[in-house]
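See below for the structure under consideration.
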Amino acid sequence: MPGALLYVGCPKGNVAASVFGFEDGKLRKRRRGRLPACRISVVSSAVANPAARTSEERVYEVVLKQAALVREQKKTKKKTVDMEGMSNWDLLNEAYGRCGDVCAEYAKTFYLGTLLMTPERRRAVWAIYVWCRRTDELVDGPNASHITPKALDRWEQRLSDLFEGSPYDMYDAALAHTVSKYPVDIQPFKDMIEGMRLDLRKSRYQNFDELYLYCYYVAGTVGLMSVPVMGIAPESKATTETVYNAALALGIANQLTNILRDVGEDARRGRVYLPQDELALAGLSDEDIFRGQVTDKWRSFMKEQIKRARMFFDEAEKGVAELNAASRWPVWASLLLYKQILDSIEANDYNNFTKRAYVGKAKKLLTLPIAYGRALMVPTSKAADQMRS
Ligand SMILES: CC(C)=CCC/C(C)=C/CC/C(C)=C/CC/C(C)=C/[C@@H]1[C@@H](COP(=O)(O)OP(=O)(O)O)[C@]1(C)CC/C=C(\C)CC/C=C(\C)CCC=C(C)C
Ligand SMILES: [Mn+2]
């Protein structure tokens, strides 16, 4: 019963909920009022085994844990740990400076956006960025062919060490300082490494539930790592979970967009990051992807995939206004820029086999003031937050 909407309840407190899935071959969004935390999900695996937890439920537990950590810090006003070897402020500043250099080189627009943040938040976001980039480079960089699960285990040990205050190098030292200063949980970092492990052993995703988990690992995690640093606006009345859900949605939306943009490139590496059951439902198979011909079947399949990615962007948009004022602009800018990649896939008549979708310089420049305008939107009132959920 691939693609059926399945409602799974779980007695765990109430949260706002929505879900995206296929029903009668069409993508649908279901929104319900206050729902059990584990909420509704789309999964064929759970149909086979009703006791199995869906990816959404598993990921939502991490969201709740991170949100609780933030609330706890608000109550206890955790003090920054001054780590051994970190008392030398020049060294620490240099470590952060190096992270800034990497950002400026690899992600110029994002780097410019961070310049609007307070110096403390800005450098903490750089440190997180660099750790993410290095983690991705392990499986996608020039030495990727030598990377084994053991190497990822060692990377994870380094991660634990830096969270304990024993960084291995300068970049780790910057992150070690960041995680001692902000209420950042280690779980999303571990989960990103898990995503890289998946990339070493898996090249097909049977259904959206499997793909969702992968997208959470490699990208949803970024949202959960970043919000504790970016901060929620003091005047925001939204629940912490609502904001973290939006952050998670932005990561998922970005990764789904990445996947749709890179279909041809991934296929040339023998990878298909598209739900196999949805391909089959559309009358398509891996062979069609390797052949790389834009047919009507492909166009309608892509239309539904793009629609789903946009739904995640919509979900994310609801949370941006709740962030600290200075963090909103870079988030809006990155959201609007990424979303336009979907427009570009459409403009290429869904040829993501041989044409790379991108956002041109002029559109990029135009997006920045638009993002700035949106960043002026103030957080919602509590009543509005409740109405939205
Ligand atoms: C309330 C609300 C909406 C808050 C915003 C929360 C927030 C800041 C979310 C960030 C979402 C984001 C930028 C996710 C990154 C998604 C992504 C592109 C992941 C890529 C993974 C692997 O992709 P793949 O290998 O398929 O593709 P490549 O060819 O390699 O590109 C990543 C490459 C994982 C590594 C991620 C990064 C290097 C980006 C890390 C970014 C930050 C820490 C900064 C985020 C902050 C802003 C302002 C965007
Ligand atoms: Mn990559």
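Order the following by accessible area, largest value first: 226, 334. Probe radius 1.4 Å; ligands, DNA and RNA are ignored.
I get 334, 226, largest accessible area first.
So what is the accessible area of the stretch 282-389 per residue, in Å², with the probe set to 1.4 Å?
50
Each residue of the stretch 60-70 in order: what ³J(HN,Hα) in whole Hz does its phi give by Karplus 6.51 cos²θ - 1.76 cosθ + 1.60, θ = phi - 60°, with x for Gly and Pro?
For the stretch 60-70, the Karplus curve yields 5, 5, 5, 4, 5, 5, 5, 5, 5, 4, 5 Hz.
Could you go through the stretch 323-329 in sequence order and give the Karplus-derived ³J(HN,Hα) for each residue, using 6.51 cos²θ - 1.76 cosθ + 1.60 with θ = phi - 60°, rounded to whole Hz, and x for Gly and Pro?
For the stretch 323-329, the Karplus curve yields 6, 3, 3, 6, 8, 5, 5 Hz.
Please list, ordered by chain and number, the residues whose modelled amide H lies under 5 Å from the amide H of residue 232; skip anything fewer than 5 residues away on the same chain.
Those lying under 5 Å, H to H, from residue 232 are 324.
Alpha carbon centre of the stretch 131-189 versus the stretch 221-239: separation in Å?
22
List every residue whose amide H lies under 5 Å from the amide H of residue 205, counting only residues 5 or more places away in sequence or on a different chain, with H placed 1.01 Å from N in the peptide plane.
Close amide H contacts, sequence-distant or interchain: 274, 276.
How big, in percent, is the set of alpha carbon pairs in the stretch 214-362 lying more than 20 Å apart?
Value for the stretch 214-362: 50 percent of Cα pairs lie more than 20 Å apart.
Ordering 69, 342 by accessible area with a probe of 1.4 Å, largest first, what comes out?
From most accessible down to least: 69, 342.
Compute the semi-axes of the equivalent ellipsoid of the stretch 293-389, taking the square root of 5 times each eigenvalue of the Cα gyration tensor, and list them largest first in whole Å.
Its equivalent ellipsoid spans semi-axes of 30, 18, 7 Å.
Tell me, what ³J(HN,Hα) does each residue in the stretch 179-196 have, in order and in whole Hz, if you take phi through Karplus 6.51 cos²θ - 1.76 cosθ + 1.60 with θ = phi - 60° and put x for Gly and Pro?
Each residue of the stretch 179-196 in turn: 6, 7, 9, 10, x, 9, 8, 6, 4, x, 5, 4, 5, 5, 5, 4, x, 5 Hz.
Past the 23 Å Cα-Cα mark, which pairs from 297/355; 339/364; 202/318; 318/355; 65/318?
202/318; 318/355
Rounded to the nearest whole Å³, what is the per residue volume of the convex hull around the Cα atoms of the stretch 108-263?
Spread over its residues, the Cα hull of the stretch 108-263 gives 131 Å³ apiece.
The values are calculated or read from the model by the stated rules, or taken from the named source; none is laboratory data. This is a predicted model, so every value here is computed, not measured. Areas reflect the complete protein model, heavy atoms only, side chains present, ligands, DNA and RNA absent. Shrake-Rupley method; radii C 1.70, N 1.55, O 1.52, S 1.80 Å.
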